[in-house]
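Input: a single structure, listed below in structure tokens.
The values are calculated or read from the model by the stated rules, or taken from the named source; none is laboratory data. What you are looking at is a predicted structure, and each value in this text was computed from that prediction instead of being measured. Positions of Cβ are backbone-derived with ideal geometry, glycine not excepted, and every protein chain shown enters the neighbour counts.
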Amino acid sequence: MNNTIKLAVASALLAAASSANAGISIPAGDWTLDIGGVVNAYYTHTNFSGDTGAGAAPLGLGDGDQRSTNNITTGLLPNYLSVSGKTRQNDLDVGFTISINPGASTVQAGRQTSQQENRQAFLTFGDASWGSIKLGKDLGIYASDAILNDMTLLGVGSAAGSLAGNTTTLGRIGTGFMYADWKSQVAYSSPNWNGFSFTVGVTQAWNTVGTLVDPLTLTAASATSTGRGGSQSAYEGKASYEWAGDFGGKVWASAITQKVEDVSSTTAVSGTKSGRATAWDLGATVNVAGFGLTGYYGEGKGIGQTLQLFDGFDATGKRRDSDQWYVQGTYTLPGVGTKLGASYGESTLDGNRTDKTTFGVNDIEDSMWTVGAYHPLTKHLNLVAEYSQSERDIDVVGGGDLKAKAKTVALGAILFF
């Protein structure tokens, strides 16, 4: 199952143009083309409960004690078709990757084209002696290892009930780590020096978006926070050390910073404000005798807690602090290869002075625990069974917290080629 997970990461997320990660290889003159991808679908049943208004976006935990909902949808990974090419020219390894990512769910009669993503379109060039350069759109650098080590990468996790018809669910995004997302970038990756490597890059600046619910009125209009990302790029980097053997593992750290301009866009606030969104994280994973253990922690200022720059600033341009963490344990059954896993994580968005005095919000905490079984029916086909319980807790000044829950059972399969 470990090899299957590595193939999932390589084919579905990184899609690197190398023979080690090849799906279907086709010689074409000076080039070798690799075609690979993912097809997955899950039947999900979700029960919602809790206070009306507490389960606001982006997690979508319902609106109070709603009825249950059943869906057939893709999981955390979308369906994926990736075409990569590689060649050696003028002492350089040259490559490209382009992917398309359709969903596997429809929720409206006669409409089959509502959800489609194009996550990757990049070129690379370099050499094993000095590293490689990437230009184009690919997985972001900051927090990328957090999602690549999440066991729900092969499953569903949260938001199956609210994101039906979308290309993906959320997995553990927003309940333990922030989404690395897919970004336009210019990045340099070092060679591998006995297990140590690093990547640094300049990525496209993004806008601030989002709303923080006022728990006293259960409305979000008074807390709208939108604005411009500014003219300065974001800067991201990560470093890791990986080792093999009977006690194998990996440790990593990453960070991001971006200047945000004109974050105040409400008519009640005049003038142009600016601030800086920053975040960092640390993580480790170890594997021994079929057991796997992963731990992760990160903090941010102005970055938000689920999607980058979502709810990171309030309507007056003031930053909000956030933190996220998760722990995960897995065990692969000898002989059959079935991987059993359990994980728990939290993401917390701290209210600033305005949030506490005006809206009465101390913080918003999103959490989820998941248990799952991932069975390799064949070399490339995995059967998946998961149970996840997501919860949002809005800590109200003076008491009377608001809570919303979503409990999801997911059964399905995921195929890699």
> Only one residue in Gly317, Gly337, Gly304 is out of contact with any Lys or Arg (no Cβ under 9 Å at 6 or more places or on another chain) and at positive phi, so which one is that?
Replying inline: Gly337
> Would you say Thr168 is of a type in the set (Ser, Thr, Tyr), part of a helix (DSSP H, G or I) and either within 30 Å of Glu391 (Cα to Cα) or modelled with pLDDT under 95 (or both)?
Replying inline: no
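Table: residues versus (1) in contact (Cβ under 8 Å) with a residue 40 or more places away in the chain; (2) closer than 30 Å to Thr338 by Cα.
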residue	(1), (2)
Lys86	yes, no
Asp127	no, no
Trp130	yes, no
Gly140	yes, no
Asp150	yes, yes
>> On the basis of being in contact with a Gly (Cβ under 9 Å, 6 or more places away or on another chain) and over 23 Å from Tyr235 (Cβ atoms), does Val286 make the cut?
In response: yes
